[in-house]
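Report on the structure given below.
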Amino acid sequence: MKKTLLPFLFLLNFNFLSAQELYLVKLKEKENISNYIANPLQMLSQRSLDRRMKYKVDLDEKDVPISLERIKQVKQLDLSYIGETKWLNTIMVEVFDNTVISQLENLPFVDSVTSLVRNAQKTNVRKQSKSNDLIVIVNNYNYGDSEIFINQINLEPLHTEGFSGEGVYIGVIDAGFPGVDTIDAFKNLRNENRIVDTYDFVENKADVYDANSHGTNVLSTMAAEIDGEYIGSAPKANYLLYRSEDFLSETPKELLYWIQAAERADSVGVDVINTSLGYNKFDDPRYDFTYRDMDGKTSLISQGAEIAVTRGILVVNSAGNEGSSDWKYISAPADVENVFTIGATDRNNQPASFTSYGPNYNGSLKPNISSLGHQILTYVPSGGFRISSGTSFSSPIIAGAMALLIQKLPTTPLETIKNKVQESGNLFNNPSDRLGYGVPDFYRASQELLSINDVKIQVNKLKVYPNPFTNEVKVETSNQIKQIEIYNLVGQKIANSSNTNIIKTNHLKSGVYLIKVIDDKGNLFTEKIIKK
C-alpha cells in the first residue's frame, strides 16, 4: 500500500532539486556503552527495564543513545538534519550539494554514507493520491458494529472476566489524533490519565491533537468507551500516541520518524505497538521499493520494527490495502517475519476485496491472522461516527485484543501468546495468502494458554512478602518451592535458594529487583520486588 490512510484525494507536485537526496549516515561504535549499560535508567524507564526482565531481554549497544557531540558535528555541515535512530546507530540527512558527502565521510565517527535512492533512472515526480483506506458512507450509527468486531474474535468473555487492558501500555504510531483531547468517546481515557505519552515526530512537538484524523479513527477501535454505544477492544489500556506520518507528502523521512516513535515507546515501557501504515512507493519514484525488497530486512522501517520486536515489544501492523492494485502485496514493515501482520475480512469472514496478499518475499506467511476490516464504525474528530474500511482497523482491533492476553497472562512469552492466537484461527489447518491463519478465537486462546505451566501457579495464589523487604523475602504457596532466584535490572542473577520458601537478601543494595519462583510442578512465577 502507498499508505493505509484516508481516501480523500490530495494531488502532490513537488519540485526536487537535481542534487537533493536523502542519505543515511552510519556511525562507528558508540561512545560510553559500558557506562550506559551499568546505569540503564539513563536511557530507559523503570517500566521498560521491567519488561526486559520479564522477557529476559538483555541490554545492548542498540539501547545506548547517539552522543550529542556527534549529532552536533553533523548539524554544523551545510545540510538538512532529519533525525537519528539509536537502534540502527544511523543519522538521516538531506543533501543539496554533493560536496557535503565527502565532508560527512571525513568525520572521524562516520562509518559510511549511503543514498536512499534506489531507482536513479527515475526522475519524474509523480502526482500521487495519499491513500485508499477509508470508505465514508454515513455518520450516524450506534453500538452495533462495535459488537460485531468484538464478537467476531470472541473477545466479550475476556471483558466479562474483567480483562480490558488495565496496566498494559499500547503505542499507536499514526498520522494524528484530532478530537482525542475533546470528544466523549475518549473521555474516560483522558479523565483516568491513561494517555501516558504523546509526540509528533513530523513537527517535533508534544501536541498530537491535530494533523490527520486517521489516528483518531484507528484509536477508536481500541480505546473508545461509551457504555451502550461503543466499546473498543482494550478500553482500559494506557496509550502512547505518536505521529510519524506526514499526510501531505510521502517521503522516506517517515520511515525514520516511525523508528524514532518506536524507540521512544520502548523507553517509556510500551508493551504493544500498533501501526496502521505501510510503505512501498514515494512521491519521488527514485526511492520506491519493489516486492523483492519486502523481505523483512531491506527497508529502514522494517529494520527498526525487527529491533522493536527484539526489545520484548509486540509489534502489530496492518497488512495493507493493495490487494486489488498493481502492487498487490503487503508493504513494509508488515513484511517483517516477527511482526504480527493483520489482514482484513468482511462480515462473512471472507477476505475484504482490498486486503493485501502475502507472503513476504522470503516466503514467510503473511498476514498472520485477520479480523473485520470492512465497514467498521469509527469516531471522527467531531465526535460523530463514520463507517470505515481498511486493514488500518483490523490491526488495532487485534492489538487491543493481544493487550488483554498480556494482562491476563503477564509472565507468558509473547511468542507463546502469538502462537496460541494463530492456532485458534479458523484457517489454522489451511492458511491463505490473504487471511493467514484466519479469524482467531481469543477466549479459546486464553483458555489454552492457562493450561501452560508457566501461568498455572498464579491460580495457586502465590504470595511474596514482605514487599518492600529488608533482609529476607518469603514465598507462600500451596505447592513445594524448588527454586527462588533474584535478578537485577540488567538480567544478572544475584541471589538464589533451593528447596526453601525463604531467600536471604542482606547483601543486596536498596533498589528494584525481579524475583523468580519455581515450584515442584514446574510452574514459574515472577514479580517485581523492592529493597528498602
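The values are calculated or read from the model by the stated rules, or taken from the named source; none is laboratory data. For clarity, every value in this text was computed on a predicted model and none was experimentally measured. Every residue, glycine among them, receives a Cβ derived from its backbone with ideal geometry; neighbour counts consider all protein chains shown.
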Discussion item. Yes or no: region 243-252 includes at least one residue that is over 25 Å from Glu61 (Cα atoms), at pLDDT 95 or above and either among the hydroxyl-bearing types (Ser, Thr, Tyr) or not in a loop (DSSP other than H, G, I, E, B) (or both).
Written reply: yes
Item to complete: Taking only region 67-101 into account, find how many residues are under 30 Å from Glu415 (Cβ atoms) and of a type in the set (A, V, I, L, M, F, W, C).
Response: 2
Fill in: Given (1) at pLDDT below 95; (2) crowded, with 24+ Cβ neighbours inside 10 Å; (3) touching a Leu at 6+ places or on another chain (Cβ under 8 Å), number of the condition Lys408 does not satisfy
(2)
Item to complete: Among what's in region 203-222 and is closer than 14 Å to Ile273 by Cα and aliphatic (A, V, I, L, M), pick the residue that is surrounded by the fewest Cβ atoms within 10 Å (Cβ to Cβ).
Response: Met222
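So which residues in region 376-404 are buried (at least 24 other Cβ atoms within 10 Å of the Cβ) and of a type in the set (A, V, I, L, M, F, W, C), if there are any at all? Spell out how you get there, then give the answer.
Filtering region 376-404 for residues buried (at least 24 other Cβ atoms within 10 Å of the Cβ) gives 376-379, 388-404.
Those that are buried (at least 24 other Cβ atoms within 10 Å of the Cβ) and of a type in the set (A, V, I, L, M, F, W, C): Ile376, Leu377, Phe393, Ile397, Ile398, Ala399, Ala401, Met402, Ala403, Leu404.
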Practice prompt. Identify, from the list Ile503, Ile515, Ile486, Ile481, the residue that is over 19 Å from Pro468 (Cα atoms), without any contact (Cβ under 8 Å) to a residue 60 or more places away in the chain and surrounded by 18 or more Cβ atoms within 10 Å (Cβ to Cβ).
Written response: Ile481
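Select from region 171-213 the residues that are hydrophobic (A, V, I, L, M, F, W, C) and part of a helix (DSSP H, G or I) and write down the one among them that is farthest from Arg243 (Cα to Cα). Before you say what the answer is, go through the steps one by one.
In the first step, residues of region 171-213 are kept if they are hydrophobic (A, V, I, L, M, F, W, C); the result is 172-173, 175, 177, 180, 183, 185-186, 189, 195-196, 201-202, 206, 208, 211.
Within this subset, residues satisfying the condition of being part of a helix (DSSP H, G or I) are 185-186, 189.
Numbers: Ala185: 20, Phe186: 18, Leu189: 18 Å.
Step by step, filter region 171-213, then rank; the result is Ala185.
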Worksheet item: Which residues, taken from region 405-444, are basic (Lys, Arg) and either farther than 15 Å from Thr345 by Cβ or without any contact (Cβ under 8 Å) to a residue 40 or more places away in the chain (or both)?
Response: Lys408, Lys418, Lys420, Arg444
Discussion item. Give me the strands (runs of 3 or more DSSP E) completely within region 258-345, filtered to those with at least 1 residues that are buried (at least 24 other Cβ atoms within 10 Å of the Cβ), without any contact (Cβ under 8 Å) to a residue 60 or more places away in the chain and not polar (S, T, N, Q), ordered by residue number.
Written reply: 314-318, 340-345
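Name the single residue, out of those in region 518-528 being closer than 20 Å to Arg52 by Cα and not hydrophobic (A, V, I, L, M, F, W, C), that is surrounded by the most Cβ atoms within 10 Å (Cβ to Cβ).
As a first pass, look at region 518-528 and keep what is closer than 20 Å to Arg52 by Cα: 518, 524-528.
From the residues that got through so far, the ones that are not hydrophobic (A, V, I, L, M, F, W, C) too are 526-528.
Numbers: Thr526: 20, Glu527: 18, Lys528: 16.
Across region 518-528, the extreme among qualifying residues is Thr526.
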Worksheet entry | Unmet requirement for Val93, which otherwise passes all of (1) modelled with pLDDT of 95 or more; (2) in contact with an Asp or Glu (Cβ under 6 Å, 6 or more places away or on another chain) | (2)
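Quick one: in region 483-493, which of the residues that are touching an Asp or Glu at 6+ places or on another chain (Cβ under 9 Å) and in a strand (DSSP E or B) is farthest from Ser48 (Cα to Cα)? I'd like the intermediate steps shown before the answer.
Going residue by residue through region 483-493, those that are touching an Asp or Glu at 6+ places or on another chain (Cβ under 9 Å) are 483, 489-491, 493.
Adding the requirement that they be in a strand (DSSP E or B) leaves 483, 493.
On the way: Gln483: 26, Lys493: 19 Å.
My answer is Gln483.
Going through Pro381, Pro367 one at a time, which residue ends up being part of a loop (DSSP other than H, G, I, E, B) and under 30 Å from Asp184 (Cα atoms)? Break it down into steps so the answer makes sense when it comes.
Details: Pro367 fails: under 30 Å from Asp184 (Cα atoms).
The unique qualifying residue is Pro381.
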Worksheet item: Do you know which residues across region 503-521 are more than 15 Å from Gln483 (Cβ to Cβ), outside any strand (DSSP E or B) and of a type outside the set (A, V, I, L, M, F, W, C)?
Response: Thr505, Asn506, His507, Lys509, Ser510
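Scan region 1-38 for residues that are among the aromatic types (Phe, Trp, Tyr) and either within 23 Å of Thr85 (Cβ to Cβ) or modelled with pLDDT of 90 or more (or both) and jot them down.
Residues of region 1-38 among the aromatic types (Phe, Trp, Tyr): 8, 10, 14, 16, 23, 36.
Scanning region 1-38 gives Tyr23, Tyr36.
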Worksheet item: Among the residues of region 75-94, is there at least one that is among the charged types (D, E, K, R), within 26 Å of the chain's Cα centre (by Cα), assigned to a loop (DSSP other than H, G, I, E, B) and outside the structural domain of Asp200 (by TED's automatic domain parsing)?
Response: yes
Worksheet entry | Flag if Gly390 is farther than 28 Å from Arg52 by Cβ, touching a Leu at 6+ places or on another chain (Cβ under 8 Å) and either among the small types (Gly, Ala, Ser) or not assigned by TED's automatic domain parsing to the domain that holds His214 (or both) | yes
